[in-house]
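Colleague: Sharing a structure here in structure tokens format.
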Amino acid sequence: MKGRVGKVPENDNIQENQFRKLVSLFIIGTTIILVPGFLAAEAKQDAWISALVGWIAGLALVWMYGILGSRFPGKTLIGLTKEICGRWLGTLLSFLWFFYAFILTALVLRNLGDFLNATMLVETPIHAIHLVYLSIVAIGLYYGVSNIARTADLFFPLVMFLLLIFVLLLLPELEFKQIQPVLGKGIKPVLTSAFPYIGFPYLELILFLMIFPNVDQPKRARKAFMLGTCIGGGVLFAVTLLALLVMGAENTASELYSSFELAKKIEIGEFIQRVEVIITAVWLVTIYFKLILCVYITVLCLSQTLGIPDYRPLTLPICMLLYAVSILIIPNIPYLISFDTTIWPFFASTYGLLIPLVLLGVASVRKKRAKSDIR
């Protein structure tokens, strides 16, 4: 059993199309509700360009992650880190990966609680919302990532169908003058706005290397990773563009949950109204998958770092810690939004860009040295 630590858990493989769906749902996750507002806050009517820039940057990052994962077949992020850096440094970096995943999970959980508490369950304590969701997640984790993937097979078509209905119902409300003039304030606000968007959610995708070796057709895993990013990024781009075309830049920027407010604009006669339930259903499904994947990756990172073959005994303690930390580290919603847009992008850049580049560089140097020694 010891030799399997850092490798794929036995009998827990997933198909390439399931991996693609998990990546897409993860990207949409919390981002679909929040991203139009914080992009428009800086880039105004050019927020759609910021979304496009972030989407392209996300694809470039995933291409790099795919290369890193493919160089070490069957190895998770923890496994390849230990192989590249050696036992002691690799273990230290593995704890850092666990810390990154843990903080991300706490933020996702808090986003979930704040949204439900502010929009629908106003009189429900946020503690109760967190407790219910974590309980559901803990049960799901017991059956492994293959079970999560099969659940995604069921819900992914529903999410795409609801999003299609959402877009079609908004078509009569579009006003293209809302995104004019294009680049009215130059490229700087666009790039400034795109930076936090790259950190949330694209730099978080490095953690999918914990699941990457679970794909039963490794040669197609990279393609599935890219396609999942294309779909998820495309949805976020479309929702951002719709928010601008329907609500305008100022209204989009002023709303914290701009996609939710966008859905309230849909009215067809007197028989199709109050359809924000569509975007709410999409968000509840996608954030569940983001949350359960984050908790799974967090627990798996810790178990493989400590050399524990089975991650399941760690699930309950980690969920209890998340329950407490998600409340304690974020005092209020404005602080959370400020953290997401100012601190998190730099934090995520360290883990999602700097460390992977260093790992790739070290792996390349070691490979060249190995070839030279053979010669």
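Colleague: Kirkwood-based Rg over Rh for the chain (C-alpha set), two decimals? All intermediate terms of the calculation are to be shown ahead of the outcome.
Modeller: Details: Rg = 20.7 Å, Rh = 21.2 Å.
Reported Rg/Rh, Kirkwood definition of Rh: 0.98.
Colleague: Residue by residue through the stretch 118-125, which ³J(HN,Hα) values in whole Hz follow from phi under the Karplus form 6.51 cos²θ - 1.76 cosθ + 1.60 (θ = phi - 60°), with glycine and proline marked x?
Modeller: Calculated HN-Hα couplings, in order: 8, 10, 10, 9, 5, 9, 8, x Hz.
Colleague: Right, something else. Go through the stretch 89-106 residue by residue and turn each phi into a ³J(HN,Hα) via Karplus (6.51, -1.76, 1.60, θ = phi - 60°); whole Hz please, and just put x for glycine and proline.
Modeller: Result, rounded to whole Hz: 5, x, 5, 4, 5, 5, 5, 5, 4, 4, 4, 4, 5, 5, 4, 4, 4, 4.
Colleague: Roughly how many debye, to the nearest 20, is the charge dipole of the chain about its Cα centre, given +1 on each Lys and Arg Cβ, -1 on each Asp and Glu Cβ, and no other charges?
Modeller: Values: 30 positive and 22 negative charges, 428 e Å.
It works out to roughly 2060 debye.
Colleague: Using alpha-carbon positions, what is the distance between the centroids of the stretch 152-221 and the stretch 119-133, in Å?
Modeller: What the calculation gives is 27 Å, centre to centre.
Colleague: Here is a further query. Compute the signed sum of charges (Lys and Arg +1, Asp and Glu -1) over the other residues within less than 10 Å, Cβ to Cβ, of Phe212. Mind dumping the intermediate values first?
Modeller: Working: positive: Lys75, Arg222; negative: none.
Result for the neighbourhood of Phe212: +2.
Colleague: Quick check on the exposure proxy: order Phe237, Phe95, Phe102, Phe289 from fewest to most C-beta atoms within 10 angstrom. It would help to have the intermediate numbers written out before the result.
Modeller: Details: Phe237 18, Phe95 14, Phe102 21, Phe289 24.
Least to most surrounded, the residues fall as Phe95, Phe237, Phe102, Phe289.
Colleague: Among Lys185/Lys265; Lys82/Lys367; Lys44/Lys188; Lys188/Lys264, which pairs are too far apart, with a Cα-Cα distance over 22 Å?
Modeller: Values: Lys185/Lys265 28 Å; Lys82/Lys367 15 Å; Lys44/Lys188 12 Å; Lys188/Lys264 32 Å.
Checking Cα-Cα distances, Lys185/Lys265; Lys188/Lys264 exceed 22 Å.
Colleague: Between Met160 and Asn332, what is 0.36 nm times their sequence separation minus the Cα-Cα distance? Round to one decimal in nm. Could you put the intermediate results ahead of the total?
Modeller: Numbers: separation 172, 0.36 × 172 = 61.92 nm, distance 3.21 nm.
Answer, rounded to one decimal: 58.7 nm.
Colleague: Could you derive backbone 3J(HN,Hα) for the stretch 132-142 from the dihedral phi with the Karplus parameters 6.51, -1.76 and 1.60 (θ = phi - 60°), listing whole Hz in sequence and x where the residue is Gly or Pro?
Modeller: Result, rounded to whole Hz: 5, 5, 5, 5, 5, 4, 4, 5, x, 5, 4.
Colleague: Cα axis of helix 315-328 to longest principal axis of the chain: angle in degrees, 0 to 90, nearest 10?
Modeller: 40 degrees
Colleague: May I ask you to sort Cys319, Cys294, Cys301, Cys230 by Cβ crowding, counting other Cβ atoms within 10 Å and putting the fewest first? Kindly include the intermediate steps, with their values, before the conclusion.
Modeller: Numbers: Cys319 22, Cys294 25, Cys301 28, Cys230 18.
Fewest-to-most ranking of Cys319, Cys294, Cys301, Cys230: Cys230, Cys319, Cys294, Cys301.
Colleague: Moving on. Sum up the charges of everything whose Cβ sits under 15 Å from the Cβ of Phe102, counting Lys and Arg as +1 and Asp and Glu as -1, but leave Phe102 out.
Modeller: Numbers: positive: Arg110, Lys290; negative: Glu204.
Combined, the nearby Lys, Arg, Asp and Glu give +1.
A short reminder: the numbers here are calculations on the coordinates, not readings from a lab. Given the structure is predicted, the values throughout are model-derived calculations rather than measurements. A quick note on method: Cβ atoms are made from the backbone with ideal geometry, for glycine too, and the neighbour counts reach across all protein chains shown.
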